2 protein chains.
Amino acid sequence: MRREIAQQGAAAAATIQHGLRQCEQLRRLGHGRRHVLFVARGSSDNAAIYGRYLLEVCGGVQTALAAPSIATHYRADVDLSDTVVVSVSQSGETEEIVEAQAWARANGAATVAITNVAGSPLDDAADLTLLTQAGVERAVPATKTYTSQLAAVAVLASALSPQAGLENDLQRAVEEMDRLASPGAGVRQAVDLLAGTNAVVVTGRGLVYGTALEVALKLEETCLRPVRGLSYADLRHGPIAIVDSDVTAVLVAACEGPMLAGMVELAGDLRQRGATTLALGGGGELADACDHSVPGPDLPETVTPLALIVPGQLVVEALAGRLGLDADAPRGLSKVTQTDPERR
Amino acid sequence: MRREIAQQGAAAAATIQHGLRQCEQLRRLGHGRRHVLFVARGSSDNAAIYGRYLLEVCGGVQTALAAPSIATHYRADVDLSDTVVVSVSQSGETEEIVEAQAWARANGAATVAITNVAGSPLDDAADLTLLTQAGVERAVPATKTYTSQLAAVAVLASALSPQAGLENDLQRAVEEMDRLASPGAGVRQAVDLLAGTNAVVVTGRGLVYGTALEVALKLEETCLRPVRGLSYADLRHGPIAIVDSDVTAVLVAACEGPMLAGMVELAGDLRQRGATTLALGGGGELADACDHSVPGPDLPETVTPLALIVPGQLVVEALAGRLGLDADAPRGLSKVTQTDPERR
C-alpha cells in the first residue's frame, strides 16, 4: 500500500495525459445531453461524488449519483435519452455496475466507463472508456486506482466544460501528489492520536466531501474500527448531539474556497463540545482552529481532492501498522467487490 | 412524542386528501419537465430519499437529491429548465433550503414546496405548495411531520405517474399506521436488546432505505448513542469487515418486493459474523432469519415507508425512556435546524 501511495502522482499524470486525448470524443458524446449520472460503489462512489460537485460547480451540468438498485432490482424504465451515464469501477467487473451500465444504454443513455482494466466487461460495453493508468494495484485498499479515477473524472469535467480551465490546475495537482507522498510532520502525530481513540468522525463539505468519505472508508476497512463519514451539514443536523470528549473529529478541507470558513467554525464548535479535532488540509486557518493538523496541498479547491487524500492514506497505512494489522489485505475484504453475493 | 406517533395516521390521511386535490396543478407544473430534484436535510432528506425511489420506480422520472451547497456556497449556474425542484422542510424556514429554492427558480426550475407551515418563507416563494396537515408538532424529534412528508411525496408521485395506482395503497397505508401505533409484542424485546448495546448499525435498501436512515437518525439524536445508517450495498462494500459480536444490526425491510431475498441473506451473513440481528418489518421470512423481530405493516413495498417507521419510532421513544432521557427534547437539538450557524 505504501509503495502504491507513492506511485499515485505518476499514475494520475498518465491518466490525465491519456484522457485529454479523448476530450473531443467526450464532447461529441455529450453533445445535446444535459445531464450526467454516475454509477459506482465504495471508493469509486467517493470519486463519483467529487465528479458530481466538479461538474455542477465548474460546468453547470446537472449531475446525480444513481441508485444502482433502480436498474438491477427494480428494472425501472427511466428515460435517459438526455443523459450521459458514467460508470466507475476499478476492476470493470463488479456485476451490478456492469448491469446498471447495460440498463442505462437500453434506456437511451450515452455511456462512459471509467475503469483500470482494458477489455473488462465494463470497458467492452461502454460507448467510450476513460482508462485509468494505475497499473496493477496489489493492496486491497484502493489508493492509486482511486486517485486515477479522480483524475479521469476531472478530465471528463474539463472536456464538458473547457471554460473552467482545469487542465493547468491538474498539472499542479500531480506535483502536489508527489510532494505529499513523503510522510510529513503531522502524520505521526495523527497516528498517535487515532491509535488511542475508538470514536472517530470524519467530516467535510462540497468538493472535498468525497475525500472525507474516502478517509472514513479507508480508516474503517483498513484499521477495522467504526469510523463515520458525515457531511458538515448532516453532522450539524442531528449527530452533533452525540459529540463529546470521547470523540475525535477529522476535519477535511481545501486551503481555499467557500467551505473553509464554515469548517473553521465547526472546529470551534466541536472543541467546545469536548471533542479532539484533527485538521486534514485546510491551510493555516483550520490548523490553528484544531488541536492537531496534517498539512494538505496548496491547490485550488477544484483539484484539491487528487492530492488531499495522499496524507490521509499515509495516516491510514501507518495507523494499521501501529495497530498490528496488515494494511495490504484487511480482514473480510476482497479486491473485486460484489454487492449481491448470490451473483458471484 | 408518544402522542404524536399515534396522531400520524390522521395527519397522513389529511395530507393525502388535501394533496390529491392538487394533482391536476402538479401535472400542469410538471408538464414538459423530465427531471425531479429534491432539496432537503435531516428527516426531510430521508423523506426525499423515499421520493427519489418512488418516482423512479413507479414513474420512470429521473430523480436526484440536490447538494444544497451547490446553491448556497458555490452559487453555480446549473440549467434547471427541464426540472421540477421539490424543497422539503417541516418549518419552511430552514435558510439553506429557502435559499436553494430561490436559486432553483432563478435557474429555470418549477418549484414545489413540501412544508407544514402555511405562510412560511418556503411556502410563500414556491410555485406550488403541498402543505402537510400534521398540525403543531411539540416534540423535537420529527414523527408526524415526517410521515406527512412521506404522504405528500407519494401524492406527488401519484400525480406525476397516475398509472402506478398509488391512491388505493395509500388508504391502506393509513390504516396500517393506525394499527401499528399501539406497541406490539416485539417493541419491548427490541428495547431490551438495544439498551444493552453501544454499536448499532441500521440497514435497508431501495424504497425503504430512507426508513433505515430515519430509524438510525432518530435512535441517535433521541437516545444519544452513535448509530450508523447504511445501505445494504454500502455495508457489503467495506464496513461489513468490522461487524463482530459487539454489533447489533437492525434490518429494515418491506414484507415483499425485490429487496427482501437479499435482506434475508444479509441477516444470515451478519449472524455468521457474530452480530445480533433485529428485523424491523420484512414479514415472517426476515423474522425467521433474525434473532429478534418487530413486525411491520402488511403493505406493498411502494407505500411501506409510511407505516414501517411507526414501530421504529415506538422503539426509539421507549428506549429513550429506559435510558432515562427526555425523548421530547433531546440534548443539543432544536426544532428549526439551520446548517450554517452564522446565518441564524
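The values are calculated or read from the model by the stated rules, or taken from the named source; none is laboratory data. Quick caveat, the model's predicted, so the values are computed rather than measured. Cβ placement follows ideal geometry from the backbone for every residue including glycine, while neighbour counts extend to all protein chains displayed. These area figures cover heavy atoms from the full protein model, side chains too; ligands, DNA and RNA do not enter into them. Shrake-Rupley method; radii C 1.70, N 1.55, O 1.52, S 1.80 Å.
Name the single residue that is modelled with the highest pLDDT among those in segment B:179-224 being open to solvent by 40 Å² or more (accessible area, probe 1.4 Å) and within 14 Å of chain A (Cβ to nearest Cβ). Result: B:TYR209.
Here B:GLY19 clears all of (1) away from chain A (no Cβ under 14 Å); (2) surrounded by fewer than 23 Cβ atoms within 10 Å (Cβ to Cβ); (3) part of a helix (DSSP H, G or I) except the condition numbered (2). In the set A:GLN163, A:GLN133, only one residue is among the polar types (S, T, N, Q), away from chain B (no Cβ under 12 Å) and open to solvent by 20 Å² or more (accessible area, probe 1.4 Å); that residue is A:GLN133. In the set (1) surrounded by fewer than 18 Cβ atoms within 10 Å (Cβ to Cβ); (2) in contact with a strand residue (DSSP E or B) (Cβ under 8 Å, 6 or more places away or on another chain); (3) part of a helix (DSSP H, G or I), the condition left unmet by A:GLN101 is number (1).
Considering only segment A:22-68, how many residues are charged (D, E, K, R), over 28 Å from B:ARG236 (Cβ atoms), assigned to a helix (DSSP H, G or I) and within 8 Å of chain B (Cβ to nearest Cβ)?
The number of residues fulfilling the criteria is 1.
Residues of segment A:225-256 being under 21 Å from B:ILE97 (Cα atoms) and at the interface with another protein chain (Cβ under 9 Å from one of its Cβ atoms), which ones? Within segment A:225-256, A:SER231, A:TYR232, A:ALA233, A:ASP234, A:ARG236, A:HIS237, A:GLY238, A:PRO239, A:ILE240 meet the criteria.
Checked against the criterion of being farther than 17 Å from B:LEU325 by Cα and over 14 Å from the mean Cα position of the chain (by Cα), segment B:203-213 has no qualifying residue.
A residue that is open to solvent by 40 Å² or more (accessible area, probe 1.4 Å) and assigned to a helix (DSSP H, G or I) can be found somewhere in segment A:75-96. Checking A:VAL294, A:VAL303 one by one, the residue that is open to solvent by less than 10 Å² (accessible area, probe 1.4 Å) and farther than 26 Å from A:GLY59 by Cα is A:VAL294 and no other. Checking each residue in segment B:305-331 for being touching a residue at least 24 places away in the same chain (Cβ under 8 Å), farther than 10 Å from B:LYS218 by Cβ and not in a helix (DSSP H, G or I) picks out B:LEU323, B:LEU325, B:ASP328, B:ALA329, B:ARG331.
Would you check if A:ASP127 is in contact (Cβ under 8 Å) with a residue 24 or more places away in the chain, of a type outside the set (S, T, N, Q), open to solvent by 30 Å² or more (accessible area, probe 1.4 Å) and closer than 18 Å to A:ARG33 by Cβ?
yes
For segment A:94-116, does any single residue satisfy the condition of being among the polar types (S, T, N, Q), touching a residue at least 40 places away in the same chain (Cβ under 8 Å) and away from chain B (no Cβ under 13 Å)?
Step one: of segment A:94-116, the residues among the polar types (S, T, N, Q) are A:94, A:101, A:107, A:111, A:115-116.
Subsequent filtering for residues that are touching a residue at least 40 places away in the same chain (Cβ under 8 Å) retains A:94, A:101.
Still in the running and away from chain B (no Cβ under 13 Å): A:101.
There is at least one residue in segment A:94-116 that is among the polar types (S, T, N, Q), touching a residue at least 40 places away in the same chain (Cβ under 8 Å) and away from chain B (no Cβ under 13 Å).
In the list A:GLY42, A:GLY51, A:GLY60, A:GLY9, which residue meets the criterion of being over 18 Å from A:THR145 (Cα atoms) and touching a residue at least 60 places away in the same chain (Cβ under 8 Å)?
Working: A:GLY42 fails: over 18 Å from A:THR145 (Cα atoms); A:GLY51 fails: over 18 Å from A:THR145 (Cα atoms); A:GLY9 fails: over 18 Å from A:THR145 (Cα atoms).
Only one candidate passes the filter, namely A:GLY60.
So that you can scan it fast, the table gives a plain yes or no per residue for (1) in contact with a Leu (Cβ under 7 Å, 6 or more places away or on another chain); (2) within 14 Å of chain B (Cβ to nearest Cβ); (3) of a type in the set (Ser, Thr, Tyr):
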position	(1), (2), (3)
A:PRO258	no, yes, no
A:ALA267	yes, yes, no
A:GLY283	no, no, no
A:ALA287	no, no, no
A:GLU301	yes, yes, no
A:LEU306	yes, no, no
A:ALA327	no, yes, no
A:ARG331	yes, yes, no
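Among the residues of segment B:201-257, the ones that are under 19 Å from B:ALA173 (Cβ atoms), in a strand (DSSP E or B) and small (Gly, Ala, Ser) come to 2 in all.
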